[in-house]
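To start, the structure itself, in structure tokens.
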């Protein structure tokens, strides 16, 4: 059986760039453990002879045709960003 540890939650918190309170960590540990326990319960179900299901949707998705179209909302998008550099949107860098 898989156990969710504080170290695992701290690792996930770091990967997700989150800063959780101790109370939130405990709640997250409990929620993760509950999900994993449920998955373990599902592993106990006898599926002998049950045909695998690839998708719950029977009908194939109808896709729109791929046609090139001119996009004229560039200035509208740029107006939502406060910084611009040489005609490009400037966004904050990612720091590790």
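The values are calculated or read from the model by the stated rules, or taken from the named source; none is laboratory data. Predicted model only: the values in this text are computed from it and were never measured. Neighbour counts run over all protein chains shown; Cβ positions are idealised from the backbone, glycine included.
Being loosely packed, with under 10 Cβ neighbours inside 10 Å and modelled with pLDDT of 90 or more holds for only one residue in 85, 23, 34, 40, and it is 23. With a cut-off of at least 1 residues that are in contact with a strand residue (DSSP E or B) (Cβ under 8 Å, 6 or more places away or on another chain), name the helices (runs of 4 or more DSSP H) lying wholly within the chain. Because the criterion is at least 1 residues that are in contact with a strand residue (DSSP E or B) (Cβ under 8 Å, 6 or more places away or on another chain), the helices (runs of 4 or more DSSP H) in the chain that meet it are 74-79.
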